[in-house]
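To start, the structure itself, in structure tokens.
The values are calculated or read from the model by the stated rules, or taken from the named source; none is laboratory data. These figures come from a predicted structure and were not determined experimentally. Please note: Cβ atoms are built from the backbone with ideal geometry, for glycine as well, and neighbour counts cover all protein chains shown.
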Amino acid sequence: MNLHIGVLSGDGIGPEVTNQSIKILTAIADKYQHTFTFQHELVGAIAIDETGNPLPQKTLNLCLEADAVLFGAIGNPKYDNNPAAKVRPEQGLLALRKALGLFANIRPVKAYDTLLDKSPLKKHIIQDTDIVIYRELTGGIYFGEKTLSEDGTAASDLCSYSKTEIERVAHLAFKAAQSRRKKLTLVDKANVLETSRLWRKVVTAMASQYPDVELDFLFVDNAAMQMVLNPSQFDVILTENMFGDIISDEASVIGGSIGLLASASIGEKYALFEPIHGSYPQATGKGIANPIASILSAAMLLDHFGLLEEAETVRDAVERAIDLEICTPDLNAHGGYSTENVGTFIEDFIENVDALHINTGNIKVGQSTII
Ligand code: IPM
Ligand code: MN
């Protein structure tokens with residue numbers, strides 16, 4: 001398969017982790033005789049610095065032409081603490097999601113057995129957790145009308161949803177549930193919000209098309225509590241834009257590091273793959289950023305194009321790295337493995353998956369790990 005991949009590595013640790021994913025995708029292309037080409041463009045703070053625009057036209061054009069987009073991270077503290085800033089890096093990502101029509105954001109959350117004691121949550125609570133969150137991504141309060149009064153003392157953000165916007169993401173979530181443990185939980189705030197009541201009505205009406213899926217509902221405040229109290233009760237979670245943003249960061253605690261959580265953003269025509277973590281400016285250039293979330297996002301890219309065996313090969317290699325504790329300091333504080341070391345081990349493992357012996361001692365000195 002030929003794939004032209006637009007790479008928007010963005011700010012902070014974005015480029016470091018995205019480089020590892022490119023390495024992994026290249027290894028997969030070699031192993032399975034695919035041709036993947038990568039073309040880079042600017043997005044976020046770095047794009048503002050160089051062009052004044054967080055999503056330059058050239059970048060958008062690349063995304064519209066490419067088969068898929070591999071996204072790094074955006075954000076820079078110099079904009080966060082300045083409420084008067086007119087342009088912000090995040091606007092680049094939001095504009096891109098809207099322009100590409102990426103209405104569904106899919107975020108898998110899994111508790112890896114070897115990492116159970118890395119989570120601040122108790123082992124028996126997180127064991128067997130395997131959730132996928134379907135977050136609506138181009139509607140709701142993120143994109144509703146925003147106002148600020150002339151004297152700057154009052155502001156508003158409109159939250160609105162249409163039946164069509166709810167249905168298209170809900171169909172994907174129902175289908176995901178059908179292929180998994182057949183449970184779908186709609187997270188909303190239907191006791192207060194009119195939009196949430198519409199979500200319940202629309203999703204309930206759809207349930208008869210998916211008779212094998214058990215549908216239940218949870219208010220978002222309760223869901224936030226259940227996520228840390230009993231996360232293994234969840235299979236597929238469906239929710240609106242902002243609740244999905246919050247719940248998925250919370251869920252990342254289960255895995256032991258936000259550096260493990262991948263995501264795919266899907267629309268009718270386009271698809272973008274990105275780690276859920278941010279630009280982690282304090283870590284930039286230090287080689288300590290966990291590349292696994294980005295690499296697992298690349299695996300989701302492979303899944304998206306039906307390259308299921310290839311995706312599985314990536315996930316197996318990632319699991320092997322985790323099992324052997326070849327992980328960055330967020331997961332292995334004393335291992336001394338860098339972003340690059342972890343990426344290279346996963347790459348080596350993909351290239352030599354049948355090799356029986358792994359020399360972990362070679363990893364840090366940048367030599368082949370397979371003997
Ligand atoms: C995410 C991020 C974005 C969001 C920001 C960077 C705009 O937090 O992808 O979860 O809120 O959607
Ligand atoms: Mn977020």
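Test Glu347 against the stated conditions and say whether it is modelled with pLDDT of 95 or more and farther than 20 Å from Ile28 by Cβ. In short, no. Of the residues that sit in the range 224-252 and are small (Gly, Ala, Ser) and within 16 Å of ligand 2 (Cβ to nearest atom), which one is farthest from the chain's Cα centre (by Cα)? Across the range 224-252, the extreme among qualifying residues is Ala224. Taking the listed residues Leu229, Leu238, Leu218, the one that is more than 15 Å from ligand 1 (Cβ to nearest atom), modelled with pLDDT of 95 or more and buried (at least 23 other Cβ atoms within 10 Å of the Cβ) is Leu238, with no other qualifying. Enumerate the strands (runs of 3 or more DSSP E) found wholly within the range 95-183, keeping only those where 3 or more residues are within 16 Å of ligand 2 (Cβ to nearest atom). Answer list for the range 95-183: 104-110, 130-136. Test Ala264 against the stated conditions and say whether it is aliphatic (A, V, I, L, M), surrounded by fewer than 23 Cβ atoms within 10 Å (Cβ to Cβ) and within 16 Å of ligand 1 (Cβ to nearest atom). Yes; evaluated as a whole, the condition is true for this residue.
Filtered by the rule that a residue be at pLDDT 95 or above and either in contact with a strand residue (DSSP E or B) (Cβ under 8 Å, 6 or more places away or on another chain) or within 12 Å of ligand 1 (Cβ to nearest atom) (or both), the range 267-287 gives Gly267, Tyr270, Ala271, Leu272, Phe273, Glu274, Pro275, Ser279, Tyr280. Within the range 119-170, the residues that satisfy the criterion of being free of Cβ contacts under 8 Å to residues at least 12 places away in the same chain and under 30 Å from Pro231 (Cα atoms) are Lys122, Lys123, His124, Thr164. Free of Cβ contacts under 8 Å to residues at least 40 places away in the same chain, surrounded by fewer than 17 Cβ atoms within 10 Å (Cβ to Cβ) and closer than 29 Å to Ile288 by Cβ: does that describe Gln57? So Gln57 does not fit the description; no.
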